[in-house]
Amino acid sequence: MTTRPTEAETILVAEDDRAIRFSLACSLKAEGYRVIEAGDGDEALAGIDRERPDAVLLDLKMPGRDGLAVLAELGPALADLPVVVITAYGGSAAAIEAMRRGAYDYLSKPFDLDEVQLTLKRALRQRALACEVRALRAKSEESNEEADDSADAEPELIGRSAVMREVFKAIGLAAATDAAVLIVGESGTGKELVAAALHHHSDRSSGPFIRVNCGALPEGLVESELFGHERGAFSGADRQKPGRFERAAGGTILLDEVGELPLAAQAKILRVLQQREFERVGGTEILRTDARIVSATHRDLSKEVAAGRFREDLYYRLNVARIVIPPLRDRPDDIPLLAEAILRRAERRHGWTELSLSPEALIAIRERPWPGNVRQLENALSRAAIAARGRPILPEHLDADEPLDPAVPAAVDPAGLLPLRALLAEVERQAIRRALVACGGNRTKTAERLGISRRQLFDKIREYDLHP
Ligand SMILES: Nc1ncnc2c1ncn2[C@@H]1O[C@H](COP(=O)(O)OP(=O)(O)OP(=O)(O)O)[C@@H](O)[C@H]1O
């Protein structure tokens, strides 16, 4: 059931692509909104100033002042004005940065008009609530925004699934605070990458990002690694050495596999979290740290607490904010994009050219459970690229070193020996792709030709990753 906007709420649509802007404007007008259009960042700011819209749809990539600059300019005004940003297809950096700068939500291109309507409705509802709360509190807000132009080697988190979009949002929100964050996910899901993104998008990005793998440290060395040691503290300590907390000053420390920490070290970390204090091993001087503490684990820490292996008080202190990364098998829509990024990286790393996946291999990788998550996918594709020797990767190359999983179709088989579901999906995918090409990418015509609705076509394009 759709509810129409009450008294013509105003939406400003800032998008440099005229065709996209036009279709957004038409669809919003059809829903009863008043629409103001802007073709670049300056027009958007002028329009917001002049028309006081209730919400803004903001393309991030525009000539001149881009979407991120518009968000920075709006600063504290964003508390009153929900901005839904539109990002290019797939990547995370711009989305995280937009959330950090106060955007309400984001949509990735290509988006579907129903999704736009729903997101805007939610944004407007939240704005109404926020206005009520403010009227009650009559509280003024301060800006803590600062433009961050350091666009450099941030490792890009890839993902377009709904669950990964939630992860990007959570990173953006956590990056705006200094709270301790616990990142939870199976091995290889990208916990370290998420921690790095959190650091990169925080106010500490110019400081160090120090990772400690708590699981890899020999028990006797944990404390000296974390807190440093004085000369003569133990045999072999021939000079004073600063620990990781000292090295993380002004930045972020990642306690990876925090569930593996021995209890003695847990007590010391608790002290750092509570009092920001520690001593080097063998030392008496009390040192202070301002490092932001991020931890990661593949374990269920609440079970570790119940089993008496992890301190409950430390668990609560580490878990102020929590980011859960779902396993890859729960987000197969991310697999084609990840595969693409992995192949491009392998090309750069090894000087190979034009690595590609055959359609059959793409089906195979989407259907595998990947218990080792993205890391396993990376390894399998790197091995497959070598086995394929420059030709498109086939399913058999994926199994270069692994036993065949009989549940996975080896190739699209015209004789129908494939599981029916995979075969039908492949036929459907190819039919849609051909129709899209025949209609020059025009989705309305393609949908008519295939005898399905535009909505169904959009869903299928997304499902099979057939974006132009
Ligand atoms: N969303 C993603 N986008 C791009 N690369 C990813 C993503 N997730 C994971 N990776 C890649 O997968 C590999 C494993 O990631 P990472 O080391 O961050 O995982 P982890 O969860 O910390 O694993 P572990 O618990 O085993 O330490 C890395 O090479 C990383 O670059």
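Values in this text are rule-based calculations from the coordinates and carry no lab data. Everything numeric in this text was worked out from a predicted model, so none of it was measured. Please note: Cβ atoms are built from the backbone with ideal geometry, for glycine as well, and neighbour counts cover all protein chains shown.
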> Among D465, D114, which comes first, second and so on when ranked by fewest other beta-carbon atoms within 10 Å?
Replying inline: D114, D465
> From the phi of every residue in region 200-217, what ³J(HN,Hα) in whole Hz does the Karplus formula 6.51 cos²θ - 1.76 cosθ + 1.60 yield, where θ is phi - 60° and glycine or proline is x?
Replying inline: 4, 8, 8, 5, 8, 4, 7, x, x, 10, 10, 9, 10, 8, 5, x, 9, 7
> Going down the list K29/K121; K61/K121; K61/K460, which pairs span over 18 Å between their C-alpha atoms?
Replying inline: K61/K121; K61/K460
> Among the lysines, which have Cα under 20 Å from the Cα of K268 when same-chain residues fewer than 8 positions away are ignored?
Replying inline: K241
> Under a 5 Å amide H to amide H cut-off, with H placed in plane at 1.01 Å, what residues pair with L357 once short-range neighbours are removed?
Replying inline: I393
> What nm distance separates the two modelled labels at E51 and S27, each placed 7 Å from Cα along Cα→Cβ?
Replying inline: 1.8 nm
> Given K109/K169; K109/K191; K169/K191, which pairs have Cα atoms separated by over 24 Å?
Replying inline: K109/K191
> Long-range amide H contacts for I36: which residues qualify at under 5 Å (H placed 1.01 Å from N, peptide plane, sequence gap of 5 or more or a different chain)?
Replying inline: I11, L12, V13
>> At a 10 Å Cβ-Cβ cut-off, how would you order K169, K241, fewest neighbours first?
In response: K241, K169
> Percent relative contact order of the chain, based on C-alpha pairs within less than 8 angstrom and at least six residues apart?
Replying inline: 11 percent
>> Can you tell me how region 10-137 classifies by the Cα gyration tensor, rounded, prolate or oblate, using a/c under 1.5 as the rounded cut?
In response: rounded
>> Along its three principal axes, how long is region 188-259 when you only count alpha carbons? Whole Å, largest extent first please.
In response: 40, 27, 13
> Dipole of the chain, Cα-centred, from +1 at each Lys and Arg C-beta and -1 at each Asp and Glu C-beta, to the nearest 20 debye?
Replying inline: 580 debye
> Points 7 angstrom from Cα along the Cβ direction at R433 and D80: gap in nanometres?
Replying inline: 5.1 nm
>> Only sites in a loop by DSSP and with at most 16 other Cβ atoms within 10 Å count here; which GluC sites (Glu not before Pro) in region 7-91 make the cut?
In response: E7
>> Nearest 5 percent is fine: what portion of the DSSP beta bridges confined to the chain is antiparallel?
In response: 10 percent
> Could you put C26, C214 in order, starting from the residue whose Cβ has the fewest other Cβ atoms within 10 Å?
Replying inline: C26, C214
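Going highest first, how would you order 59-66, 449-456, 189-196 by mean Cβ packing within 10 Å?
My ranking of the peptides, most packed first, is 189-196, 59-66, 449-456.
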> Binning every alpha carbon pair distance of the chain at 10 Å from zero, what are the percents per bin?
Replying inline: 4, 17, 23, 24, 19, 10, 3, 1
